[in-house]
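Before any comments, here is the structure.
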Amino acid sequence: MTPLEQYRALLTILYKEIHRFMRIWTQTLIPPAVMIMLYFVIFGTLIGKRIGQMGGFDYMQFMIPGLIMMSVISNSYSNVVSSFFGQKFARSIEELLITPLPHYLILLGWVLGGVARGLLVGGIVTLVSLWFYDLSISNWTLSIFVVISTSILFSLGGFLNALFAESFDDISIIPTFIMQPLIYLGGVFYSIQLLPSFWQTVSLANPILYMINAFRYSILGASDLEALGFSINSAIFMIIAFIILFASICLWFLHKGRGIRT
Amino acid sequence: MKALSISNLKKEYTGGLQALKGIDLEVNQGDFFALLGPNGAGKSTTIGVISSLVTKTSGQVKILDIDIDENHSLAKKKLGVVGQEVNFNQFEKVGDIIRNQAGYHGLSFKEARENAKYYMQKLDIWDKRNEQARKLSGGMKRRVMVAKALVNNPELLILDEPTAGVDIELRRSLWDFLTEINNEGTTIILTTHYLEEAERLCRNIAIIDSGEIVENTSMQELLTRLEEETFIFDLKNPVKVLPKNLGYEAVLENPQKLKVTIGKGQGLNTIFEVLSNSGIQISSMRNDTGRLEELFMGLVDSNLNGSER
């Protein structure tokens, strides 16, 4: 395929993906907004006042970057895993496999679809946040970079999950038993400086902690990472390294036909 | 140039099942080719390998002289495939499904829209373009699949049982359409369980059984191998008893329908003469369907017996 044909094919996949999640907006866009609103009402307005300061910020101010990131991560992941597995399940993935599309374009199309939903939901959550708190952003470039790269990473994760999934149960196991615990223990609602030393060390093994804190740093200008002796650059490096690793694994399995060819 | 060239193609599934045992197959450009075989013979696996849905164990596949391993992208540009089962997102609109397929091939938006419109009109689904595919009947979904396979104007079209489960009217209109695009130059490979369909449409035929090609010849040549042929005579007036010494194996199926089996070398003239002399008038005559079926069963049975030995 010529570069122009590849570009058209990529736009087709992306259009189809965006069209898919927009068509079911009541399932894809509204629930995160409602959930975040509840978090703000319960943890921010009602309980937050009693908590007081967290990491040197108002509790609601502290929580906002984590909640935005949580929405971006879970929506990027779930968009790709449900869409790609759905296509596998309905056999409509065959539509793509019989075309001249190279594997990297299939992967890129789905990842961009995941990023589109992640960013859209992230944007909605940000708007909801602004209703509750007057937020200012410390470093726009860094915040955009972190949110997009994290979205890419979790879209790749969703793709990998979908390749291996053989039933609808398989696409909910990782989000439920691995991702959600890592997100909740990744410092969305609390500063890990509150933890005993042992659990602080354990928390540092959680990659999502770095992403949430890098994003919090870009919004608030401070996070747990520097307090624990890590630079924001190390978080950025880690995100990029994971993206390269996950993309390589996805392409390898696509090439091998894992889960899509017999 | 060969539209399709397969050499020593093998497929062994995990668990040791040998679906293809080194098949060789060539299909000429412009041909209307039938690939027949019983269930589990290897037809769909062969099509799967050609269309990249199945990973081959070894062997070579070329589409219009382009090796699918060496230049996957270019080879695929020339291919259109109608799968055995519905393989599109049924929650999408018919028009979107077909236009998107054109997009996956890299066609511009304008080309995609024009091609989709052309094939939707040709296949009588233009008025369904804004309907969700899941609301269509089985036959209509088949038409969508054919339009989807053709939207990139492929030079080689493979249809895996395209008329399975569709009504006679649709089957015949699909036959006419396939004949038309074949006459315009598209090479067509057809697998079907309706041998009458293969006999009517295809010029050449291969029969696959247990992962091996057991016959590969022209339809004409294959049919001449029939040792005997059965004809149905519709009689003008009811007949109660057949004259003796007809010289043919004949059965009066009902008072106005006579079934006659004619052996190789026996002519039809005598039967007309004998019937006429007995006062029996014929209003029409036709081949009993199932000529190819008889041959097919013979070939598959002999292969089965051979493999059992």
B:Leu74/A:Arg91 FRET efficiency (R0 41 Å; Cβ-Cβ; nearest 0.05): 0.95
Cα Rg, Dmax (largest Cα-Cα span) when computed across segment B:2-217, Å: 16.8, 48
Which listed pairs, of A:Lys256/B:Lys76; B:Lys62/B:Lys141; B:Lys93/B:Lys148; B:Lys21/B:Lys43, have C-alpha distances above 23 Å, in listed order: B:Lys62/B:Lys141
Normalised contact order of chain B, rounded percent, pairs of Cα under 8 Å and 6 or more residues apart: 19
Per-peptide average of other Cβ atoms within 10 Å, ordering A:30-41, A:204-215 highest first: A:204-215, A:30-41
Label-point separation in nm, A:Leu204 to B:Ser7, each point 7 Å along Cα→Cβ: 6.2
Descending Cα extents along the principal axes, chain A, whole Å: 59, 36, 36
Folded to 0 to 90 degrees: helix A:103-132 orientation relative to chain A principal axis, Cα: 30
Cut-off under 5 Å, modelled amide H: who pairs with B:Gln256 long-range: B:Val239
In Hz, Karplus ³J(HN,Hα) per residue of segment B:103-112 (6.51, -1.76, 1.60; θ = phi - 60°; x = Gly, Pro): x, 4, 7, x, 6, 5, 4, 5, 4, 4
Inter-site label distance for A:Phe177 and A:Leu228 at 7 Å from Cα along Cβ, in nm: 2.5
Principal axis dimensions, largest first and in whole angstrom, of the protein assembly as shown by Cα: 114, 47, 40
On Cα atoms only, tilt of A:3-23 relative to the major axis of chain A in degrees: 60
For segment A:228-236, Karplus couplings with θ = phi - 60° (6.51, -1.76, 1.60), whole Hz, Gly/Pro x: 9, x, 10, 8, 5, 4, 5, 5, 5
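Tally the DSSP beta bridges in segment B:2-217 and give the antiparallel ones as a percent, rounded to 5.
Values: 21 of 37 bridges.
Here the antiparallel bridges make up roughly 55 percent for segment B:2-217.
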Share antiparallel - DSSP beta bridges, the protein assembly as shown, percent rounded to 5: 70
GNM result for chain B, Cα springs below 10 Å: residue of B:Tyr119, B:Tyr248, B:Tyr194 fluctuating most strongly: B:Tyr248
Chain B: most fluctuating residue of B:Lys236, B:Lys135, B:Lys148 per GNM, C-alpha cutoff 10 Å: B:Lys236
Rel. contact order, % - alpha carbon contacts under 8 angstrom, at least six apart, segment A:10-105: 21
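Find the eigenvalues of the gyration tensor of the Cα atoms of segment B:166-210, then list the square roots of 5 times those eigenvalues as equivalent ellipsoid semi-axes, largest first, in whole angstrom.
18, 15, 8
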Coordinate range along principal axes, alpha carbons of segment A:141-220, Å, largest first: 41, 33, 17
Nearest 10 degrees, 0 to 90: helix A:207-220 Cα axis against chain A principal axis: 60
Length gained when the stretch B:Phe109-B:Gln29 is fully extended (0.36 nm per residue, less Cα-Cα span): 25.9 nm
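Just the number: Rg to Rh for segment B:225-291, Cα atoms, Kirkwood Rh, two decimals. Let's see the in-between values first.
Numbers: Rg = 11.3 Å, Rh = 12.1 Å.
Using Cα coordinates only, the ratio equals 0.94.
What ratio of Cα Rg to 2.2 N^0.38 Å holds for segment A:65-168? If you can, show how the numbers build up before the last one.
Numbers: Rg = 15.7 Å, N = 104, 2.2 N^0.38 = 12.8 Å.
Ratio of Rg to 2.2 N^0.38 Å for segment A:65-168: 1.22.
Quick check on chain A: helices-only [θ] at 222 nm, where DSSP H runs of length 4 and up contribute -39,500 (n - 2.57) each and the sum goes over total residues. Nearest 500, please. Could you put the intermediate results ahead of the total?
On the way: 14 runs with 189 residues, N = 262.
Value at 222 nm, helices only, nearest 500: -23000 deg cm²/dmol.
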For B:Gly59, residues with placed amide H under 5 Å, excluding near neighbours: B:Lys10
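Calculate the FRET efficiency for B:Ser276 and B:Arg225 from the Cβ-Cβ distance with a Förster distance of 35 Å, rounded to the nearest 0.05.
0.70
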Within a Gaussian network of chain A (alpha carbon springs, distance under 10 Å), most fluctuating of A:Phe237, A:Phe198, A:Phe168: A:Phe198
Nitroxide proxy distance, nm - points 7 Å out along Cα→Cβ at A:Met35 and A:Ile18: 2.4
Spatially proximal lysines relative to B:Lys236 (Cα-Cα < 19 Å; intrachain offsets below 8 disregarded): B:Lys257, B:Lys259
Modelled FRET efficiency - R0 45 Å, B:Gln18 with A:Leu245, Cβ distances, 0.05 increments: 0.75
Cα-Cα P(r), segment B:1-58, percent of pairs per 10 Å interval: 22, 55, 20, 3
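Every number in this text was worked out from the coordinates using simple rules, so none of it is lab data. Every value quoted in this text rests on a predicted model; they were computed, and no experiment measured them. Positions of Cβ are backbone-derived with ideal geometry, glycine not excepted, and every protein chain shown enters the neighbour counts.
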